Each structure stands twice: as C-alpha cells, then as structure tokens.
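Novice: Handing you a structure now.
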Amino acid sequence: MGNSQRFMVRAAVYVVIEKDGAVLMLRRHQTGYRDGEYTLPAGHVEPNESFLQTCIREVKEEVCLDVWPEDLELVHVMQRHELGVDVVDYYFRAKRWFGAPAIGEPHKADDILWTPLASIGRYAIEFVDEALEYVARHVLYSYNVVKDDATQ
C-alpha cells in the first residue's frame, strides 16, 4: 500500500429486537447475497449518517417498526472479512420499539419470524448467529473470516 492509499472498511449495523425470549428475523430473498438465509434488520451506513440513524432507518424500512436513539444500545462489534471486503458490523439492541412487525421490503425479504434464541442457528446467517451468541455472553468484540464458498 502506498502512502496515498488507506485501508478502508465498510460499516454495517444490525438491530436485535427481542420479545419473550425470541428475536425478530427476516429471510433474504432475491438480493443476490445469502438469499434464503435469515438475518436481523440490518444495513450499510450511508454517507453522513450516524450508526443510530442507520438503525432507525433500517428498522423502519425492513420491519416497519419505529425505534428511538435512546432505546438503542451497542451490544457487539464484529470485524469480519468476506469476499475480499473488510466489514465492521455494529450490533445494537432495541430496548423498546413501536408498531407491529411486517415485511417492509418484499423485494428483498420473503419471510419474517420471531425465533427463540436457542434455535437461531438453524435459521440465521452463520456470522449473525455467532454474533448473537456473543451478545448473549456479553462479549463486545469479535473477529470472523467468513469462508467465501459459504457466502452465496
């Protein structure tokens, strides 16, 4: 790397919405990335947007719920390398939300469900499941190299 190039990472947020021991998840559909797998409401941080603003926007767009900045708590940071890209995922727990969950982007998701924490592994993208295990154990940081053959 020359001194004119800097190492760059992509930032994304994931929002953990819990109710009665279950977590709200969406199944990806027709996106070209991990279709058929479940994930939390999530998205990439846009220019001039704070992480909390991204959480609020993504939760509204993807699951039709309203959350407020004061109700979001950072619970895990996962640094991961996947498909030649370095990403830092920030996991926030929504302590409160308003509305009834629904699929807000049917062109990107085809199912929504509450799944018990104990059975998330059979539904979730592998690194999301791993992050939720860390959240449950109060581990704030992890590093994950995702196998490229497991990404499609």
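The values are calculated or read from the model by the stated rules, or taken from the named source; none is laboratory data. From a predicted model like this one, the values you see are computed outputs, not experimental measurements. Reconstructed Cβ throughout: ideal geometry from the backbone, glycine too, with neighbour counts over all protein chains shown. Protein only, heavy atoms only, side chains kept; ligands, DNA and RNA dropped before computing areas. Shrake-Rupley method; radii C 1.70, N 1.55, O 1.52, S 1.80 Å.
Novice: Within the range 109-131, does at least one residue satisfy the condition of being among the β-branched types (Val, Ile, Thr), surrounded by 14 or more Cβ atoms within 10 Å (Cβ to Cβ), touching a Pro at 6+ places or on another chain (Cβ under 7 Å) and more than 24 Å from Val9 (Cα to Cα)?
Specialist: yes
Novice: Tell me whether the range 34-46 contains one or more residues that are touching a residue at least 12 places away in the same chain (Cβ under 8 Å), in a strand (DSSP E or B), open to solvent by 80 Å² or more (accessible area, probe 1.4 Å) and touching a His at 6+ places or on another chain (Cβ under 8 Å). Quick ask: steps written out before the conclusion?
Specialist: Just the residues of the range 34-46 that are touching a residue at least 12 places away in the same chain (Cβ under 8 Å), to begin with: 34, 37-45.
With the extra rule that they be in a strand (DSSP E or B), the set shrinks to 38-39, 42-44.
Pick out the ones that are also open to solvent by 80 Å² or more (accessible area, probe 1.4 Å) and you get 44.
This time we only want the ones that are touching a His at 6+ places or on another chain (Cβ under 8 Å), so: none.
Checking the range 34-46: not a single residue is touching a residue at least 12 places away in the same chain (Cβ under 8 Å), in a strand (DSSP E or B), open to solvent by 80 Å² or more (accessible area, probe 1.4 Å) and touching a His at 6+ places or on another chain (Cβ under 8 Å).
Novice: Cβ-Cβ distance below 7 Å, separation of 6 or more or different chains: which pairs start in the range 9-31 with a residue that is touching a residue at least 60 places away in the same chain (Cβ under 8 Å) and end on one that is basic (Lys, Arg) and outside any loop (DSSP other than H, G, I, E, B)?
Specialist: Val16/Arg93
Novice: Among the residues of the range 69-93 satisfying the criterion of being acidic (Asp, Glu) and in contact (Cβ under 8 Å) with a residue 60 or more places away in the chain, which is surrounded by the fewest Cβ atoms within 10 Å (Cβ to Cβ)?
Specialist: Asp86
Novice: I've got another one for you. Do we have Val13 as within 20 Å of Val75 (Cα to Cα), under 11 Å from the mean Cα position of the chain (by Cα) and open to solvent by less than 50 Å² (accessible area, probe 1.4 Å) here?
Specialist: Answer is yes for this residue.
Novice: Kindly indicate whether Glu49 is surrounded by 13 or more Cβ atoms within 10 Å (Cβ to Cβ), part of a loop (DSSP other than H, G, I, E, B) and either at pLDDT 95 or above or aliphatic (A, V, I, L, M) (or both). If you could, list the steps in order and put the result at the bottom.
Specialist: Values: surrounded by 13 or more Cβ atoms within 10 Å (Cβ to Cβ): yes; part of a loop (DSSP other than H, G, I, E, B): yes; either at pLDDT 95 or above or aliphatic (A, V, I, L, M) (or both): yes.
When the stated conditions are applied, Glu49 passes them.
Novice: Within the range 115-145, how many residues turn out to be part of a helix (DSSP H, G or I) and in contact (Cβ under 8 Å) with a residue 60 or more places away in the chain?
Specialist: 6
Novice: Could I ask something else about it? Can you find even one residue in the range 94-105 that is open to solvent by 30 Å² or more (accessible area, probe 1.4 Å), basic (Lys, Arg), more than 23 Å from Arg122 (Cβ to Cβ) and not in a strand (DSSP E or B)?
Specialist: yes
Novice: Would you say Asp89 is modelled with pLDDT of 95 or more, in a strand (DSSP E or B), charged (D, E, K, R) and within 16 Å of His44 (Cα to Cα)? Before you say what the answer is, go through the steps one by one.
Specialist: Working: modelled with pLDDT of 95 or more: yes; in a strand (DSSP E or B): yes; charged (D, E, K, R): yes; within 16 Å of His44 (Cα to Cα): yes.
Considered against the rule, which asks whether it is modelled with pLDDT of 95 or more, in a strand (DSSP E or B), charged (D, E, K, R) and within 16 Å of His44 (Cα to Cα), Asp89 comes out as yes.
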